[in-house]
Amino acid sequence: MDYSSIQAILIALHETEGIGWKTLDKIYQHGLSPEMVTYRDKEWKEIGLSVEIAQKLSCELAESVDKVCRKLSVWKDGRMGVITIFDAGYPDMLKSSPQAPWVLYTFGDQELLDTPSIAMVGTRVPTAYGRKVASLLTEDLIGLGICVVSGMARGIDSVIHETALRCKGHTIAVLGAGIDVIYPPENRSLYEEISREGLIVSEYPPGTKAHPGFFPQRNRIIAGLTWGTLVVEADARSGSLITADAALEAGRDVYAVPGPITSPKSRGTLDLIKQGAKLVTAGKDIAEEYGWQVKCHHRDEEVHPDGVGAGSGKDNLGLTNDESELYHMLQQGPRTLDELLGESRWNFGLLHSVLLSLIIKKQITQLPGAIYKII
């Protein structure tokens with residue numbers, strides 16, 4: 001194998017029909033090892049796999065791993081790639097979210113995975129108001145240097161990607177199909193432009209056709225990659241609300257655009273606002289939640305080439321005063337979110353923002369149970 005055997009085995013298992021996230025988690029808890037390519041039915045069954053899957057793996061895994069290595073060799077010098085949860089390039093924001101994908105397939109600029117990002121989603125059948133608002137807010141966020149993440153669906157998603165590209169900004173499209181499957185078909189030119197100028201991401205193996213059940217799963221990735229999710233326009237049963245729920249489950253912020261109370265397409269966003277989502281009428285409404293991060297991202301003259309800041313507000317780790325204070329708390333040992341709230345006496349919004357920044361800067365990591373510790 002010319003690729004790390006553990007990663008190749010993980011990708012091969014991930015691409016095996018009948019193996020989903022929970023089965024992979026069961027195998028991971030047992031312990032992935034290169035010896036798995038020699039496992040017979042008995043060993044697989046001892047892990048807890050079904051007879052059918054055990055037989056399939058004992059017969060096919062070694063060949064599947066070789067196919068993975070050949071595919072990665074072909075992709076090596078192109079713009080298509082694969083990132084496993086064990087790779088350094090796997091985005092920290094996504095890794096800290098529930099049921100983080102074991103494998104990500106990418107097409108385009110992988111570096112965008114660690115760019116400050118906001119998810120923007122909405123109905124597939126928008127009103128003229130929804131289209132206008134989506135375009136204006138995307139322009140605002142792009143102007144602040146924020147990458148916008150959406151699902152390349154019809155309607156609001158398409159408007160968001162198109163506006164980001166027109167403004168020469170960064171955008172990521174997360175697909176509910178294989179990385180090489182264009183859905184909806186009419187978005188072919190948009191797909192091609194995003195693959196050149198932005199990034200396309202999917203957890204589904206190449207060739208996987210779009211399926212209604214894939215889109216709710218896709219939405220957790222959209223939410224997991226970002227600081228927060230902005231719902232632009234949505235009715236009461238919109239799939240965009242699934243993305244908002246995924247954001248909440250991941251401990252991220254939720255924003256919503258108000259709309260006419262007489263419009264069915266505004267019922268979902270108005271309900272979100274009633275439930276506590278921050279009302280947004282301009283990009284600055286989101287930027288003020290992360291203003292210090294956006295400022296640091298923009299003012300290149302205040303940041304060293306290695307990403308470590310300079311100036312009186314930084315210490316020798318390149319952290320802001322707030323980041324440094326929180327980092328020193330965690331030097332005393334891992335802390336839960338509640339413990340950090342008590343020790344810092346900060347409000348939840350500030351604490352969450354600083355924690356995310358330290359994760360992005362690879363200074364701390366989040367463990368199960370909302371426990372944080374220094375890397």
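The values are calculated or read from the model by the stated rules, or taken from the named source; none is laboratory data. None of these values were measured; they are calculated from a predicted model. Every residue, glycine as well, gets a Cβ built from its backbone with ideal geometry; the counts of neighbours run over all protein chains shown. Side chains included, ligands, DNA and RNA excluded: accessible areas come from the protein's heavy atoms. Shrake-Rupley method; radii C 1.70, N 1.55, O 1.52, S 1.80 Å.
In this Cβ point-charge picture (+1 for Lys and Arg, -1 for Asp and Glu), the stretch 11-56 has a dipole of about 100 debye about its Cα centre. In a fully extended conformation the segment linking residue 263 and residue 347 would gain 26.7 nm over its present Cα-Cα distance, using 0.36 nm per residue. Of all beta bridges that DSSP places with both ends in the chain, some 45 percent have antiparallel geometry. The reciprocal of the average 1/r between distinct C-alpha atoms defines the Kirkwood hydrodynamic radius, which for the stretch 96-222 equals 14.4 Å. Amide hydrogen proximity for residue 364: with H placed 1.01 Å from N in the peptide plane, the residues at 5 or more positions away or on another chain lying under 5 Å are 359, 375.
Every helix of 4 or more DSSP H residues in the chain counts as -39500 (n - 2.57), and over all residues that averages to -13000 deg cm²/dmol at 222 nm. Check every DSSP H run in the chain and write down those whose alpha carbon atoms cover 30 angstrom or more along the long axis and whose mean Kyte-Doolittle hydropathy is 0.0 or greater. Long hydrophobic helices here: 51-75. If R₀ is 22 angstrom, what is the calculated FRET efficiency for the pair residue 192 and residue 6, using the beta carbon separation as r and rounding to 0.05? Taking R0 as 22 Å, the efficiency between residue 192 and residue 6 is 0.05.
What's the carbon and sulfur percent of the chain's accessible surface, probe 1.4 angstrom, rounded to a whole number? After summing per-atom areas, the C and S share lands at 51 percent. Summed over the residues of the chain and divided among them, the accessible surface reaches 46 Å² per residue at a probe radius of 1.4 Å. The largest accessible area among 162, 46 belongs to the first residue in 46, 162, and the rest follow in falling order (1.4 Å probe, all chains). Taken along the Cα-to-beta-carbon direction at a fixed 7 Å, the label points for residue 274 and residue 249 span 2.4 nm. For residue 22, the lysines whose Cα comes closer than 28 Å to its Cα, not counting residues fewer than 8 places off in the same chain, are 42, 45, 56, 67, 71, 95, 209, 362, 373. Relative contact order of the stretch 1-144: what whole-number percent is it, with Cα pairs under 8 angstrom and at least 6 residues apart? Relative contact order comes out at 23 percent.
Rounded to the nearest whole angstrom, the semi-axes of the ellipsoid equivalent to the chain, taken from the Cα gyration tensor as √(5λ), stand at 34, 27, 20, largest first. The value of relative contact order for the chain, using C-alpha pairs under 8 Å at least six residues apart, is 13 percent. Normalising by residue count, the stretch 176-287 has a Cα convex hull of 125 Å³ per residue.
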